[in-house]
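Here the structure comes first, spelled out in structure tokens, and everything after it is commentary.
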Amino acid sequence: MVNFNSVSHAFLLNRYRVLPLLLSTAVSSVAAPVYALQQSELEVYPPNWWAGMQNPEVELMIYGEGVADDTVSIDKGKAIINRVKALDSENYLFVTLDTSGARAQELTLTLTDNDGSYRRLHYSLEKRKEGSASRKGFGPEDAIYLIAPDRFANGNSANDNVDGYQDKADRQLKGSRHGGDIQGIVDNLDYIKSMGFTQIWTMPMLENAMDKYSYHGYSTTDYYTIDPRFGSNDAFLELSEHAKSEGVGVIMDMVLNHIGSNHKWLEDTPSKDWINNEGKFVGTTHKRESLHDPHAIESDIKGFSDGWFVPTMPDLNQRNPHLANYLVQNAIWW
Ligand SMILES: [Ca+2]
Ligand SMILES: [Ca+2]
């Protein structure tokens with residue numbers, strides 16, 4: 001497994017090692033075979049949502065060992081379970097909540113297995129910021145400054161290399177990381193503003209835990225985490241707030257067509273149709289004109305849209321409605 005990502009590898013090993021230990025401890029100390037596991041053994045995406053959204057539904061992707069055949073109930077909080085759906089993997093469950101009329105609050109979901117064991121999931125519906133529903137994006141009146149964050153300015157040399165991330169900083173190599181980061185953009189907001197720009201468009205800054213050639217940011221390995229070599233989710237928020245106070249917007253670049261091959265969806269794929277071409281590399285034809293040619297043949301359209309750019313960029317099948325929801329909700333979350 002030459003391309004295996006050491007970060008997610010370590011994470012998975014921990015999870016599967018810890019789980020049986022917790023189970024055996026709990027069983028030996030409780031007479032009835034009912035035991036609660038810690039929330040840390042379930043992952044949920046999006047990690048939180050908001051009350052009072054125009055669309056009251058949110059679809060949770062819950063990830064945990066054997067969760068697909070669990071039954072789900074809401075034990076605390078005002079929300080209704082509209083749908084529960086398992087796909088091919090036994091470790092993912094998709095739960096659609098209806099939050100109509102719910103105020104900001106913490107919900108408690110209980111996921112119960114066939115043997116009566118259960119896991120609790122605490123889920124926050126947060127209060128929306130005032131005016132967030134009328135937020136305005138960029139438009140034709142804007143002057144946009146495009147930044148490749150790794151190559152723009154290094155504001156914090158302490159994050160140039162991060163333990164667990166293979167692709168190291170080396171300014172002598174054009175394909176390596178060069179150390180630029182979010183702090184470097186914050187430090188230069190005056191400079192960007194002084195040139196008359198009203199928006200900053202950064203190339204993608206989500207985690208790219210790839211072995212090499214990841215500086216461009218187009219190989220997402222975690223849709224909910226800023227790459228630590230650029231900073232953190234909090235640092236991204238600070239950039240947004242600093243820029244806003246200077247009258248400059250921040251445009252987030254997100255890659256929805258494909259992931260990086262070290263994304264954990266490659267180790268444990270939610271469904272057989274999650275990744276185009278059955279999860280195996282088939283290169284795109286690059287016949288882009290097939291998408292707008294009214295006479296294009298289906299094989300050309302499919303060859304372009306379903307093919308992968310390179311073997312390290314598995315192409316996502318957004319026709320799967322759960323994947324489509326995941327990506328749409330992720331964009332709203334940010
Ligand atoms: Ca840096
Ligand atoms: Ca595609």
How many residues, within the stretch 287-313, are in a loop (DSSP other than H, G, I, E, B), closer than 27 Å to residue 251 by Cα and within 12 Å of ligand 2 (Cβ to nearest atom)? 2
Exception for residue 316 within (1) among the hydrophobic types (A, V, I, L, M, F, W, C); (2) away from ligand 2 (no atom under 16 Å from the Cβ); (3) buried (at least 19 other Cβ atoms within 10 Å of the Cβ) falls at (2)
When the residues of the stretch 156-184 are narrowed to those that are among the basic types (Lys, Arg) and surrounded by fewer than 19 Cβ atoms within 10 Å (Cβ to Cβ), which ends up farthest from ligand 2 (Cβ to nearest atom)? 171
Step by step: first the residues of the stretch 118-143, then only those that are exposed (fewer than 11 other Cβ atoms within 10 Å of the Cβ), over 21 Å from residue 51 (Cβ atoms) and within 25 Å of the chain's Cα centre (by Cα), then the one that is modelled with the lowest pLDDT. Which residue is that? 136
What are the residues in the stretch 80-117 that are crowded, with 16+ Cβ neighbours inside 10 Å and modelled with pLDDT under 95, if any? 117
Would you be able to say whether some residue in the stretch 199-215 is touching a Gly at 6+ places or on another chain (Cβ under 8 Å), in the same structural domain as residue 238 (by TED's automatic domain parsing), away from ligand 2 (no atom under 16 Å from the Cβ) and over 20 Å from residue 262 (Cβ atoms)? yes
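Go through the stretch 231-257 and give me each residue that's more than 16 Å from ligand 2 (Cβ to nearest atom) and under 27 Å from residue 324 (Cα atoms).
Applying the first criterion (more than 16 Å from ligand 2 (Cβ to nearest atom)) to the stretch 231-257 yields 231-253.
Result: 232, 233, 234, 236, 237, 240, 249, 250, 251, 252, 253.
The values are calculated or read from the model by the stated rules, or taken from the named source; none is laboratory data. Predicted model, so just to flag it, every value in this text is computed and none were measured. Positions of Cβ are generated from backbone atoms using ideal geometry, with glycine treated the same way; all protein chains shown enter the neighbour counts.
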